[in-house]
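*Asks:* Once you've had a glance at the structure underneath, I'll fire off some questions.
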Amino acid sequence: MPLLDPNRTYTFSEIAKLKAPTDELLAEYGYALERTLIDLPQYQGELDRLQELRSRIEEVLPYIDLTNEQSRREMLIAPLMSDLIHYTQAQLRIEYALKVSNQLQGELDYLLRTKTNLLVVEAKHEDLTNSFTQMAVELIALDQWEKSPLAQQQPAIVGAVSTGTIWQFGVLHRQRQLVTQELTLYRVPNDLEPLIRILVAAL
């Protein structure tokens, strides 16, 4: 029995609420899942704002209510998005409405665009597992979106899901229709430098 009702409309957030196994849900769209350690490319240039960002996060972290999603979004995720724009001159779209089909539609938390797309999804209720599933489906939507670069121009689309203090990556390999879930978790502020370098490299 299919997980998705073909006669029903689903948003990305409703997909996460299904709490279905990620591999089974992706199979509904014709994509596969693998979980592994990935050696994600890292930007090798200078990060001239890194120390300032780390200091700001370390300063405010003891005073943030981490159970509040808006606090995590505005105080932890947004400063990273701002610095990504500084390093890459990416166009940033927040809560960007996207519709590919009735079962691939909704709002993307953060879509950064240069010649490539980078997706960042805030983990609702600090639930990395089901938020990763949502992000993977959003990557599929980006893969099929007419405004996305061609697969030859961007053969893999990188996505990240974040609680603010914990980040996890996924990569959609477009020609293979395969989503790879990176098993490494990046923690803020401890892993801030490799995290930023991966995000910049993706753009």
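*Asks:* Can you tell me which of Leu195, Leu172 is touching an Asp or Glu at 6+ places or on another chain (Cβ under 8 Å) and either under 15 Å from Pro41 (Cα atoms) or among the small types (Gly, Ala, Ser) (or both)?
*Replies:* Leu172
*Asks:* Provide a single number: the residues in the range 93-145 that are of a type in the set (Asp, Glu), within 29 Å of Asp65 (Cβ to Cβ) and surrounded by 18 or more Cβ atoms within 10 Å (Cβ to Cβ).
*Replies:* Selection size over the range 93-145: 3.
*Asks:* At positive phi and among the charged types (D, E, K, R): which single residue out of Glu95, Glu74 fits that description?
*Replies:* Of the residues listed, the single one that is at positive phi and among the charged types (D, E, K, R) is Glu95.
*Asks:* I'm checking my understanding of the structure. Among residues of the range 32-49 that are touching a Leu at 6+ places or on another chain (Cβ under 7 Å) and not polar (S, T, N, Q), which one is surrounded by the fewest Cβ atoms within 10 Å (Cβ to Cβ)?
*Replies:* Restricting attention to the range 32-49, the residues satisfying the condition of being touching a Leu at 6+ places or on another chain (Cβ under 7 Å) are 32-37.
Keeping just the survivors that are not polar (S, T, N, Q) gives 32-35, 37.
Numbers: Ala32: 13, Leu33: 19, Glu34: 13, Arg35: 13, Leu37: 9.
Out of the qualifying residues, it is Leu37.
*Asks:* Could you please tell me which pairs satisfy a Cβ distance under 7 Å, a separation of 6+ or placement on different chains, a first residue in the range 63-75 that is closer than 12 Å to Thr163 by Cβ, and a second residue that is surrounded by fewer than 16 Cβ atoms within 10 Å (Cβ to Cβ) and of a type outside the set (S, T, N, Q)?
*Replies:* Listed pairs, sorted by first residue: Ser71/Asp65; Arg72/Leu66.
Here's the yes/no breakdown for (1) in contact with a Ser or Thr (Cβ under 7 Å, 6 or more places away or on another chain); (2) part of a loop (DSSP other than H, G, I, E, B); (3) modelled with pLDDT of 95 or more:
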{"residue": "Asn7", "(1), (2), (3)": "no, yes, no"}
{"residue": "Ser13", "(1), (2), (3)": "no, no, no"}
{"residue": "Ala16", "(1), (2), (3)": "yes, no, no"}
{"residue": "Leu26", "(1), (2), (3)": "no, no, yes"}
{"residue": "Leu33", "(1), (2), (3)": "yes, no, yes"}
{"residue": "Asp39", "(1), (2), (3)": "no, yes, no"}
{"residue": "Tyr43", "(1), (2), (3)": "no, yes, yes"}
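The values are calculated or read from the model by the stated rules, or taken from the named source; none is laboratory data. As the structure is a prediction and not an experimental result, all values here were calculated from the model. We place every Cβ from the backbone using ideal geometry, glycine too, and count neighbours over all the protein chains shown.
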